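Scroll down for the structure; my scribbles are underneath it.
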Amino acid sequence: MLMKVDNLKKEFKTGEVVTKVLHGLSFSIEEGEFVSIMGPSGSGKSTLMHILGMLDRASSGHYAFLGREVTTLNDNELASMRNEKIGFVFQSFNLLPRTTVLDNVKLPLTYSKNKKEISKRAKKILESVGLGHRLRYYTNQISGGEKQRVAIARALVNNPSVIFADEPTGNLDSKSGIQIMDILQKLNDSGNTIILVTHETFTAEYAKRIIKIKDGRIEEDEPVLNHRQALDGDMLK
Ligand SMILES: Nc1ncnc2c1ncn2[C@@H]1O[C@H](COP(=O)(O)OP(=O)(O)OP(=O)(O)O)[C@@H](O)[C@H]1O
Ligand SMILES: [Mg+2]
């Protein structure tokens with residue numbers, strides 16, 4: 001079992017105002033799954049992803065990741081678990097400006113020692129997402145779809161246990177969006193666990209399971225019987 005949450009709740013306090021967002025979610029996710037989290041705007045999808053991705057903490061309830069209770073970790077333990085085990089892809093790419101494609105992907109590896117190995121690994125991963133010809137370009141010199149592929153490469157470079165993608169196709173035209181979904185699906189075919197947040201059914205159906213959230217509660221948790229297949233292509237081998 002990769003992740004298990006039990007009666008997970010989240011509320012935000014802003015001065016006197018308390019906003020209750022997640023009202024006690026319970027579910028588990030196995031290694032190798034591809035799960036879409038769907039729901040209307042404001043239903044708590046990103047909030048849930050931030051907690052599962054250890055960018056934020058639950059207000060109460062339990063969260064076990066690879067058998068370890070996350071809610072009892074201190075901030076340093078949480079950060080190192082996140083850096084080692086989790087890759088993120090966001091709607092707005094979140095790449096460093098004035099920095100090359102290659103350096104963006106090398107960034108999470110700067111704590112490892114061997115510089116040559118770092119470059120080799122970053123290049124190999126960029127090639128696998130079809131960007132071998134863009135290594136020296138700056139991030140303002142590439143298209144939106146290319147930016148998102150850089151973000152995927154950066155998410156992959158530490159070989160994480162799970163990749164979280166929050167609306168990764170939200171800022172892309174449909175062709176670039178399909179390329180991104182094909183990459184995510186091929187990554188899942190080769191064993192990676194993927195958790196995708198989306199509000200589009202078309203995108204969600206690349207996954208093998210859809211969890212629907214409404215007003216901070218699970219409304220439905222069902223397998224996708226005929227999940228969408230990636231197009232053939234040589235983007236990822
Ligand atoms: N830091 C915060 N402080 C107060 N309220 C917050 C905070 N973050 C999120 N919320 C509230 O929690 C609710 C859920 O937000 P969340 O971002 O999880 O929604 P979402 O399902 O991802 O929506 P979208 O599809 O628009 O991205 C919203 O009503 C939002 O205003
Ligand atoms: Mg969101």
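Segment 53-127 has equivalent-ellipsoid semi-axes of 29, 15, 10 Å, by the square roots of 5 times the alpha carbon gyration tensor eigenvalues, sorted largest first. Under the simplified labelling scheme, the His199-Asn94 pair shows an inter-label distance of 2.0 nm, with each label point 7 Å from Cα along Cα→Cβ. Per residue, the accessible area of segment 50-96 comes to 50 Å², computed with a 1.4 Å probe over protein heavy atoms only. The calculated Kirkwood hydrodynamic radius for segment 1-120 is 16.6 Å, given to one decimal from all distinct C-alpha pairs. A simple packing score, the average count of other Cβ atoms within 10 Å per residue, orders the peptides 7-19, 155-167 as 155-167, 7-19, with the highest score first.
Every helix of 4 or more DSSP H residues in the chain counts as -39500 (n - 2.57), and over all residues that averages to -9000 deg cm²/dmol at 222 nm.
Using the structure shown, select from Lys45/Lys147; Lys124/Lys175; Lys13/Lys106 the pairs with a Cα to Cα distance greater than 26 angstrom. Correct reply: Lys13/Lys106. To the nearest ten degrees, helix 75-85 and the longest principal axis of the Cα atoms of the chain are 50 degrees apart. Share of carbon and sulfur in the accessible area of segment 3-223 stands at 47%, probe radius 1.4 Å.
Note on the chain: Rg/Rh from C-alpha atoms, Kirkwood Rh, equals 0.97. Between Met1 and Glu117, the FRET efficiency estimated from the beta carbon spacing at R0 = 25 angstrom works out to 0.20. Modelled label positions at Glu69 and Lys124, each set 7 Å beyond Cα in the direction of Cβ, lie 3.9 nm from each other. Pairwise alpha-carbon distances in segment 83-219 exceed 22 Å for 36% of all pairs. The C-alpha atoms of the chain define a longest principal axis, and helix 174-189 lies at about 80 degrees to it.
The gain in end-to-end length when the Tyr137 to Leu225 segment is fully stretched comes to 27.6 nm, 0.36 nm per residue minus the alpha carbon separation.
The values are calculated or read from the model by the stated rules, or taken from the named source; none is laboratory data. The structure displayed is predicted, hence computed values, not measured ones. Here the Cβ is made from the backbone with ideal geometry for all residues, glycine too, and neighbour counts use every protein chain on show. Note: accessible area is taken over every heavy atom of the protein model, side chains too, but ligands, DNA and RNA are not part of it. Shrake-Rupley method; radii C 1.70, N 1.55, O 1.52, S 1.80 Å.
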